[in-house]
Structures are given as C-alpha cells and as structure tokens.
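Peer 1: First the structure, then my questions, so here it is.
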Amino acid sequence: MPGTGSDQAEASSTRDRILDVALDLFVERGFDGTSLRQIAEPLGMTKAALYYHFESKEAILMALHMRLHEFGRVLLATVGDEPVTLETWGKLLSELMDQMMAQRKIFLLHERNQAAFERVHNKSHQQEHEDFETWFRTTLADSSLSVHDRVRMAGAFGVVFTALFLSGDAFSSATPDELRDELHGAVDDLLRNEPATGATLDHS
C-alpha cells in the first residue's frame, strides 16, 4: 500500500534533517572528511536507516546541490512567458537574493568541496544548468530592451552571483542582514534607470 500523507511528510522531514546535518559537517570537515556514521549519529540513526533515505554520501551531496537549482526553477516560474523589463528584473533579483541568503551555507559548501562536486556531476542536473543559461542569454539578447538596460541587468545578476557564489568566505565577517542590505543597494545602483552619458574612462 502506498504511504499515507503523514508518512510521506515524515520521510520528507527526515530527509531535510539529514541534509541539514550533512551540510554543517561537509562545510566544517569537508565532504571527504565526513563519514555516513558521523551524519547518522547526531540524528540518532544508524547507517542502515540513513541508507533508507539516501543510497550514498554522494547522493546526499547531490541533494544539497539541488537546493540551489530550486532558485533557478523559482526564477523561471516567476517570469513565465512575460517580457522582462529593468523593473521586473530588479524584483526577480530581490526575491532571488532573499532565497539565496537563506541558503548561504550551501555556497560555502561548494567553495570548499569543488572536487567532490565534480565527481558527482551528472547529465540530468547539467540539463537544468543549460536550461537556465539559455533563458538568461535569450533574455539579455532581447532587442526590445536597450543595450543600456541589458548591460545593467547582466551586471546586477553578476553582483549577486559573485557575492554569494564565487566569493567563498570573503564576506563571512558580514552579518546576513548587512550583506543583504549591501547587495540590494548595489543592485539598485546598477538598475537605476538613468540614461548613459557617453562618457568613457581615461586610460592614458
């Protein structure tokens, strides 16, 4: 018989608790330095019980990575088929930043365990990367938007992506609220709809 709703909810809750404990351990000790027993013990579980939810330690790592994919799914679902403007781009990035800040530790996980992520890379999750990249490039190539707007849209996205994904521990001294406020301010500065002045930097 299929499981009841409460059984499925409990299983989902257990999976989330496993992932939360694994995330802390992988960030602190590294993926290779963490065993399944070390993940199971704080949860009061045996390794066998852990295998009921995840077939391997690599499966746990991939499940943590897929939490990041949820950002892209939400973004694409929010946009739908509607045309993107400078204003809507700002709203999308604002929502994306808040979601990413809530999962800030996952970015540290990536930074500190790059070799492990390369080992668990698979085609199905690569397809989601490619779908998002295609959407991103198509949006920025929309000639109904001015080059002025599209450059600022790309720059604003780069600010968010770099600060939260590529910077590793660079901003670890900042509180979440401080970093969020600074990111919002930087994005707002870039997306402020002011006409280009045509001025160029003097490189002499």
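The values are calculated or read from the model by the stated rules, or taken from the named source; none is laboratory data. For clarity, every value in this text was computed on a predicted model and none was experimentally measured. Because the Cβ atoms are built from the backbone with ideal geometry, glycine has one as well, and the counts that use them run over all protein chains shown.
Peer 1: Taking the stated definitions as given, is S143 in a loop (DSSP other than H, G, I, E, B), modelled with pLDDT under 85 and not charged (D, E, K, R)? Outline the logic, then answer.
Peer 2: Details: in a loop (DSSP other than H, G, I, E, B): yes; modelled with pLDDT under 85: no; not charged (D, E, K, R): yes.
Judged against the criteria, S143 is not a match.
Peer 1: Next question, about the same structure. Of the residues in segment 154-172, how many are over 15 Å from the mean Cα position of the chain (by Cα), of a type outside the set (D, E) and at pLDDT below 85? Full working, then the answer.
Peer 2: Initially, segment 154-172 is screened for residues over 15 Å from the mean Cα position of the chain (by Cα), giving 154-156, 169-172.
Filter again for of a type outside the set (D, E), leaving 154-156, 170-172.
Still in the running and at pLDDT below 85: 170-172.
Residues meeting the conditions: 3.
Peer 1: Can I ask one more? Within the group A48, A59, which residue is assigned to a helix (DSSP H, G or I) and over 23 Å from the mean Cα position of the chain (by Cα)? Outline the logic, then answer.
Peer 2: Working: A59 fails: over 23 Å from the mean Cα position of the chain (by Cα).
Answer to the check: A48.
Peer 1: Might you check whether a residue that is farther than 25 Å from F171 by Cβ, part of a helix (DSSP H, G or I), among the β-branched types (V, I, T) and touching a residue at least 24 places away in the same chain (Cβ under 8 Å) occurs anywhere in segment 120-129?
Peer 2: The initial filter retains those residues of segment 120-129 that are farther than 25 Å from F171 by Cβ, namely 120-128.
Pick out the ones that are also part of a helix (DSSP H, G or I) and you get 120, 123-128.
Subsequent filtering for residues that are among the β-branched types (V, I, T) retains 120.
Keeping just the survivors that are touching a residue at least 24 places away in the same chain (Cβ under 8 Å) gives 120.
Yes, segment 120-129 has at least one match.
Peer 1: Examine segment 7-14 for a residue that is farther than 30 Å from A141 by Cβ and at pLDDT 80 or above, and state whether such a residue exists.
Peer 2: Step one: filter segment 7-14 for residues farther than 30 Å from A141 by Cβ, giving 7-14.
Narrowing the set further to residues that are at pLDDT 80 or above leaves 13-14.
Checking segment 7-14: at least one residue is farther than 30 Å from A141 by Cβ and at pLDDT 80 or above.
Peer 1: Take T134 and tell me if it is part of a helix (DSSP H, G or I), buried (at least 17 other Cβ atoms within 10 Å of the Cβ), modelled with pLDDT of 85 or more and among the hydroxyl-bearing types (S, T, Y).
Peer 2: Details: part of a helix (DSSP H, G or I): yes; buried (at least 17 other Cβ atoms within 10 Å of the Cβ): no; modelled with pLDDT of 85 or more: yes; among the hydroxyl-bearing types (S, T, Y): yes.
No; evaluated as a whole, the condition is false for this residue.
Peer 1: Continuing with this model, one more query. Just give me the residues in segment 102-118 being farther than 12 Å from L166 by Cα and among the acidic types (D, E), in sequence order.
Peer 2: Within segment 102-118, just E118 meets the criteria.
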